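Before anything else, here's the structure in question.
The values are calculated or read from the model by the stated rules, or taken from the named source; none is laboratory data. The structure presented is a predicted model; accordingly, all values stated were derived computationally and were not measured. Cβ atoms come from the backbone with ideal geometry, glycine included; neighbour counts cover every protein chain shown. To get the accessible areas, we keep the full protein, side chains included, count just its heavy atoms, and leave off ligands, DNA and RNA. Shrake-Rupley method; radii C 1.70, N 1.55, O 1.52, S 1.80 Å.
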There are 4 protein chains.
Amino acid sequence: MTPSPERRRELLSTAAEVFAAQGYNATTVRRIADEAGMLAGSLYYHFDSKESMVDEILSTFLNELWAGYDEVLAAGLGPRETVEALVTESFREIDRHRAAVAIYQKESQHLATQPRFRYLSESQGRFERAWLGVLERGVAEGVFRADLDIRLAYRFLRDTVWVAASWYRPGGLHSPEEIARQYLSMVLDGITPRGDTDTSRPDTRHDTTTVRPS
Amino acid sequence: MTPSPERRRELLSTAAEVFAAQGYNATTVRRIADEAGMLAGSLYYHFDSKESMVDEILSTFLNELWAGYDEVLAAGLGPRETVEALVTESFREIDRHRAAVAIYQKESQHLATQPRFRYLSESQGRFERAWLGVLERGVAEGVFRADLDIRLAYRFLRDTVWVAASWYRPGGLHSPEEIARQYLSMVLDGITPRGDTDTSRPDTRHDTTTVRPS
Amino acid sequence: MTPSPERRRELLSTAAEVFAAQGYNATTVRRIADEAGMLAGSLYYHFDSKESMVDEILSTFLNELWAGYDEVLAAGLGPRETVEALVTESFREIDRHRAAVAIYQKESQHLATQPRFRYLSESQGRFERAWLGVLERGVAEGVFRADLDIRLAYRFLRDTVWVAASWYRPGGLHSPEEIARQYLSMVLDGITPRGDTDTSRPDTRHDTTTVRPS
Amino acid sequence: MTPSPERRRELLSTAAEVFAAQGYNATTVRRIADEAGMLAGSLYYHFDSKESMVDEILSTFLNELWAGYDEVLAAGLGPRETVEALVTESFREIDRHRAAVAIYQKESQHLATQPRFRYLSESQGRFERAWLGVLERGVAEGVFRADLDIRLAYRFLRDTVWVAASWYRPGGLHSPEEIARQYLSMVLDGITPRGDTDTSRPDTRHDTTTVRPS
DNA sequence: AATGAATGAGCATTCATTCAT
DNA sequence: CATGAATGAATGCTCATTCAT
């Protein structure tokens, strides 16, 4: 009566939570099974291996992430609006896939050395190209500061956003959109007061921070 | 039974490098021994356990870190200058203890659950209080924006700085001071151009970014 | 709870094939089920256990084998004719129960240690007594060489015949009777040419090599 | 004080004995360790894996075997003398490597499917070519019967000799040379009496049954 | 008759650690 | 100081078997 895919998803969700909390290596298959209320061996009815569990967790997450990103990148927005939309989308993904993001942060470098996880490096590459492109375009159009070290700025933005997964708890005080707004405000305008009145309030108009106006 | 402190330091340095590269759990004692040109068992002449190695690596690092931080905090600088000095000091520590910082980033959350590593949480707490204090003072004095969510800004700054250890390579193009300057520029003034002329040039005067002018 | 005997036979045949190909221990119940187009658990509707499958395969085979042997032994043939008939009968059994014979060859020594498979040792004992008797009688009557080490000759004959199951493929170039003839020729007369004309042509008269002239 | 290679040999000998008695798959690493008076994990100080144990057992055996065979094949003996020498050499190897031969018999077909054990198939091929060559030459020179099915005779000889490893016990009544003599007598001249006087006594002159006159 | 899901015992293997030499 | 050999606990995984449906 319980169709297989549902059970898989439940188990993967459990596994992701444990992986995120303890680290992939430090997590034993027995621990996951405990958490799922079954015996270690029983997990192997649903999954080939511990590795295939992280694999499915990470690839599912990345697929959803890129669906969102691609929509943003294809929307033809200006550089600033693209940055806003990408950051907002990222916080939404952190909200929806907190555990997966945390695993990705902690383990991807280590996992990417294995052929099976090549897609992690590829995603990383796509990610970098997308961000560098937006930043360069922004500088060219005068939307971003001309004195930026683009690569440094890229790393700054990338890390700044994703590390949030290590402390973010869904259902907390702030919605992902709210956090995105605050982060964008700091990143775009800095933490010191601006001379001109208007820019001190970061972009909170929904139309620019998201493609999906849901 | 008189292990020379020098050999210890060498071995710890080797261990730190491997821990940073592969992760603490994924690193075998044998791997460290290989790298040090000895057999696994021989390490136990110098150290009690693998755990005591990370312990020594992390505590040595934190001691040095706090020596620098305390000097900054005791110097009676203004909020902005304090932030500048703390960030610069942090990048200097990343430069000097890259491996230790990377280990700290990846493993501290996990390790801090054990009583032996309580000092990690304590350091974290001190760190948080220091930063929150500076930020609050800055907002009160009008040096930082009044609409900041202080806790969010704290996390933003903290993560922003330390994650750099995951990609920073000592002896690269940029000196730690240079990177600190760029980061501070983005954090303080944002990545979009400022309306008023002066603030677009970030604070690069040495006197304010560091207490130790060495 | 009325499993049809036909299905049982089909499944046993499938199982025997896999056991013979991969070895009993190396064969998983799942593999057999795959081959039979069902799930592993479903086999347990038909059989108590994996062990009971080999048991049934081997005992069925041995029953048929001894039916043939007993007929030969009871026919009152001379020693040479008895040897010929036994060898021919053996190759016929290899032809009909190739998989079972192969399993018997590979696993009987191992299985015979368990009480359940005592009949394997018993069969082995009967087999040995029958052969030793024929050989002794043959030597006494001058039909076989007087300088034979009877026990060695027994092992030689026994192994020589049964190992053929490891390479024999039913439906190949040679019929079991043809192979029996060739083997008997080598065993009885040797592989070097005989001085006297007649014996170089091995005994191929059907009447002596089999009791069942079918 | 116990140099490594010696211990290795001891352990391999123990392992070979257990493998031969129980079969490779059915043998647990614990069982081997028990027999060696150590814990299962300790074996891994000496060997990479259970597989590498069989590997070393079989390859060591095959190397020695081929050293003997090559000497025989290079000696330029006539077909009959070559057969005698090969068979005698084979029984000597059975005497010296009984366990390895038994393992080879039972497991080689199964193991040869793995790339690591390709040398098993290669050895098998060399073996076949050598035997077929001698038999063909013997038939051509009139030393062996013209009506032989060469391939069948090859299998007959091959199996006949090697299966002996399943019952042979070193230090028993018969020396390997003695057994070889008896087997050769049966194989060359058959188990029925010859018309001509002399050939009923098989070749027992040392000079022809062995290259190494030790 | 067969499925889907689970059990539980056992297995090969890893690894931090110990210790006599 | 370092080695060589071993320990023992834990780990990921396999597989025959069970059983409600």
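I need the full set of residues from region C:17-32 which are open to solvent by less than 50 Å² (accessible area, probe 1.4 Å) and either outside any helix (DSSP H, G or I) or within 14 Å of another protein chain (Cβ to nearest Cβ) (or both), in order please.
C:Val18, C:Phe19, C:Ala20, C:Gly23, C:Tyr24, C:Ala26, C:Thr27
Among the residues of region C:143-162, what is the count of those that are among the β-branched types (Val, Ile, Thr) and part of a loop (DSSP other than H, G, I, E, B)?
Residues flagged as among the β-branched types (Val, Ile, Thr) and part of a loop (DSSP other than H, G, I, E, B) within region C:143-162 amount to 1.
From the list C:Arg98, C:Arg92, C:Arg126, C:Arg118, exactly one residue is assigned by TED's automatic domain parsing to the domain that holds C:Arg137 and closer than 22 Å to C:Ser185 by Cα. Which is it?
None of the others qualify; the one that does is C:Arg92.
List every residue pair whose Cβ atoms lie under 7 Å apart, where the two residues are 6 or more positions apart in sequence or sit on different chains, the first residue falls within region B:30-44 and is within 8 Å of DNA strand F (Cβ to nearest atom), and the second residue, located anywhere, is open to solvent by 40 Å² or more (accessible area, probe 1.4 Å).
Sorted first by the residue in region B:30-44, then by its partner, the pairs are B:Ala33/B:Leu39; B:Ala33/B:Ser42; B:Ala40/B:Arg30.
Taking B:Tyr69 as meeting all but one of (1) at pLDDT 95 or above; (2) not assigned by TED's automatic domain parsing to the domain that holds B:Arg181, write down the number of the exception.
So B:Tyr69 meets the others, but not (2).
Among the residues that make up region C:97-116, is at least one of them in a helix (DSSP H, G or I), among the acidic types (Asp, Glu) and within 16 Å of DNA strand F (Cβ to nearest atom)? Quick ask: steps written out before the conclusion?
Here is the first cut: in region C:97-116, the ones in a helix (DSSP H, G or I) are C:98-111, C:115-116.
When the remaining residues are screened for being among the acidic types (Asp, Glu), the result is C:107.
Retained after the next criterion (residues that are within 16 Å of DNA strand F (Cβ to nearest atom)): C:107.
Within region C:97-116, one or more residues are in a helix (DSSP H, G or I), among the acidic types (Asp, Glu) and within 16 Å of DNA strand F (Cβ to nearest atom).
Which residues, taken from region B:57-82, are over 16 Å from the mean Cα position of the chain (by Cα), open to solvent by 10 Å² or more (accessible area, probe 1.4 Å) and more than 15 Å from B:Arg126 (Cβ to Cβ)?
Selection gives B:Ala75, B:Gly76, B:Leu77, B:Gly78, B:Arg80, B:Glu81.
Of the residues that sit in region B:45-97 and are within 23 Å of B:Phe144 (Cα to Cα) and free of Cβ contacts under 8 Å to residues at least 24 places away in the same chain, which one is nearest to DNA strand E (Cβ to nearest atom)?
Among those that are within 23 Å of B:Phe144 (Cα to Cα) and free of Cβ contacts under 8 Å to residues at least 24 places away in the same chain, it is B:Asp70.
Related question: So C:Arg137 fits all but one of (1) more than 10 Å from chain D (Cβ to nearest Cβ); (2) within 29 Å of C:Val18 (Cβ to Cβ); (3) open to solvent by 60 Å² or more (accessible area, probe 1.4 Å); what number is the exception?
Answer for C:Arg137: the failing condition is (2).
May I pose another question? Can you tell me which residues in region B:180-192 are in contact (Cβ under 8 Å) with a residue 24 or more places away in the chain and either open to solvent by 40 Å² or more (accessible area, probe 1.4 Å) or more than 7 Å from every other protein chain (Cβ to nearest Cβ) (or both)?
Answer for region B:180-192, where residues must be in contact (Cβ under 8 Å) with a residue 24 or more places away in the chain and either open to solvent by 40 Å² or more (accessible area, probe 1.4 Å) or more than 7 Å from every other protein chain (Cβ to nearest Cβ) (or both): B:Ala180, B:Arg181, B:Leu184.
Among residues belonging to region D:16-29 that are aliphatic (A, V, I, L, M) and within 14 Å of DNA strand F (Cβ to nearest atom), point out the one that is farthest from D:Ser166 (Cα to Cα). Show your work before the answer.
Taking region D:16-29 as the starting set, the residues that turn out to be aliphatic (A, V, I, L, M) are D:16, D:18, D:20-21, D:26, D:29.
The next check asks that each one be within 14 Å of DNA strand F (Cβ to nearest atom); those that pass are D:26, D:29.
Working: D:Ala26: 17, D:Val29: 23 Å.
Across region D:16-29, the extreme among qualifying residues is D:Val29.
Would you check if D:Ser4 is open to solvent by 60 Å² or more (accessible area, probe 1.4 Å) and more than 16 Å from DNA strand E (Cβ to nearest atom)?
no
Which one is least open to solvent (accessible area, probe 1.4 Å) among residues in region D:33-44 that are away from DNA strand E (no atom under 11 Å from the Cβ) and within 30 Å of D:Pro115 (Cβ to Cβ)?
By that ranking, first place goes to D:Ala36.
When you check C:Ala85 against the structure, is it away from chain D (no Cβ under 13 Å) and surrounded by fewer than 23 Cβ atoms within 10 Å (Cβ to Cβ), yes or no?
Working: away from chain D (no Cβ under 13 Å): yes; surrounded by fewer than 23 Cβ atoms within 10 Å (Cβ to Cβ): no.
No; evaluated as a whole, the condition is false for this residue.
What number of residues in region D:155-179 are more than 10 Å from every other protein chain (Cβ to nearest Cβ) and surrounded by fewer than 19 Cβ atoms within 10 Å (Cβ to Cβ)?
Residues flagged as more than 10 Å from every other protein chain (Cβ to nearest Cβ) and surrounded by fewer than 19 Cβ atoms within 10 Å (Cβ to Cβ) within region D:155-179 amount to 6.
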